[in-house]
Amino acid sequence: MERIDKIIASALSVTRSEAKTLVKQKQVQKNGVTVKSADEKADLQQDVITVGGRKIEYNKYVYIMMNKPQGVISSTDGSKTGEKTVLDILPEGFGRRGLFPAGRLDKDTTGFLLITDDGEFAHNILSPKKHIEKTYVAVLDKPVQPSDIAAFEQGVEIGGELCLPAKLKPISSDGKTAEVVISQGMYHQVKRMFASRGIKVLELKRTKMGALELDGTLAPGQCRFINNDELALIFSEK
Ligand code: URA
């Protein structure tokens, strides 16, 4: 059993005081009866809680898709270096204790960053054993050559380590913009893979994790929650 205001705050990603206000406004019902006090207790596995007539589902964890902008670090604490983190720029309504980015994008890399408070999930999507594909679009200083595609397919060597096979596909007529699909998460991996071929990455954006694409309606810095069906897409190959 948990306090109703805590359940609502968690389920709707509002603050505890906003949840209390909803109770005061008599918008909250438990099993069809209007809740009088925010400290009333409930158990979502047994009780039906509605807010403004809509049933709420209690999610123990949250999963947030951010379109990461340039200039922020994928870390929980930037106080040592005075840098802004992705958590510092979370829009209102998304903040919650225990959030962290599941995987890192470089400070100058943009695109799909998953932020969660579910440690086990994060471990699973980052584990090299799970081979979750991550798709990037890279803008390069030179056009991609067929020999680069073949080298990526074979697995290039970076820092004395052989990378798993990666897919490389030019997507612009000049060959200087390319899509890259990797299934590991080595440090600066994409930039170093291109560097091993004598190519410099000028811009890098992550566009997809597994089969889940970055929501094209999210402007840089914007976020939205990921639902369960979408989470499953991360683990699927298509
Ligand atoms: N590879 C890189 O080089 N940088 C990133 O941010 C992600 C993958």
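Starting from the Cα of Lys84, draw a straight line to each of the lysines and keep only those under 22 Å, dropping any in the same chain fewer than 8 residues away. Counting by Cα, and skipping residues close in sequence, Lys84 has these lysines nearby: Lys68, Lys107, Lys205. Annotation: average projected area of segment 1-124 is 8.8 square nanometres, based on the convex hull of Cα atoms across all directions.
Please work out the C-alpha center-to-center distance from segment 41-87 to segment 5-24 and express it in whole Å. The two parts, judged by their Cα centres, are 14 Å apart.
Amide H to amide H, with H built 1.01 Å from N, Tyr63 comes under 5 Å of Ile226, counting only residues 5 or more places away or on other chains. Backbone geometry of segment 87-101 corresponds, through the Karplus equation with coefficients 6.51, -1.76 and 1.60 at θ = phi - 60°, to 3J(HN,Hα) couplings of 6, 4, 9, 4, x, 4, x, 9, x, 6, 5, x, 6, 7, x Hz, x marking Gly and Pro.
What whole-number volume per residue, in cubic angstrom, does the convex hull of the C-alpha atoms of the chain give?
Working: hull volume 35.2 nm³, N = 238.
Convex hull volume per residue, Cα atoms: 148 Å³.
Taken along the Cα-to-beta-carbon direction at a fixed 7 Å, the label points for Ile171 and Lys55 span 3.9 nm. Think of it as helices only: each DSSP H run of n ≥ 4 in the chain is worth -39500 (n - 2.57), and spread over all residues that comes to -5500 deg cm²/dmol at 222 nm.
Charge dipole of segment 43-108 (Cα centre as origin; +1 on each Lys and Arg Cβ, -1 on each Asp and Glu Cβ, all else neutral): 40 debye, rounded to the nearest 20.
Relative contact order of the chain: 19 percent, from C-alpha pairs under 8 Å at least 6 residues apart in sequence.
Put a plus charge on the Cβ of each Lys and Arg, a minus charge on the Cβ of each Asp and Glu, and nothing anywhere else: the dipole of segment 112-170 about its Cα centre is then about 220 debye.
Taking the charge dipole of the chain about its Cα centre, with +1 at Lys and Arg Cβ atoms and -1 at Asp and Glu Cβ atoms, the residue from Gly52, Pro143, Met65 reaching farthest to the positive side is Gly52. Here Ala150 and Glu92 are evaluated by their C-beta separation; at R0 = 45 Å the FRET efficiency comes out at 0.40.
Tally Lys and Arg at +1 and Asp and Glu at -1 over the other residues with C-beta under 9 Å from the C-beta of Lys30: what net charge comes out?
On the way: positive: none; negative: Glu40, Asp47.
For residues surrounding Lys30, the net value is -2.
Which entries of Lys80/Lys191; Lys169/Lys208; Lys26/Lys55; Lys167/Lys208; Lys6/Lys36 show an alpha-carbon separation above 22 angstrom in the structure shown? Long pairs (Cα-Cα over 22 Å): Lys80/Lys191.
With viscosity set to 1.567 mPa s at 4 °C, what whole-number translational diffusion coefficient in µm²/s follows for segment 4-72 from Stokes-Einstein and a Kirkwood radius over Cα pairs?
Details: Rh = 12.8 Å.
Answer from the Stokes-Einstein relation: 101 µm²/s.
When only the Cβ of Lys, Arg, Asp and Glu is charged (+1, +1, -1, -1), the dipole of segment 18-136 relative to its Cα centre reaches about 240 debye.
FYI, it's all coordinate maths here, none of it is from the lab. Just so it is clear, the model here is predicted, and its values are computed rather than measured. Note: ideal-geometry Cβ built from the backbone for every residue, glycine included; neighbour counts use all protein chains shown.
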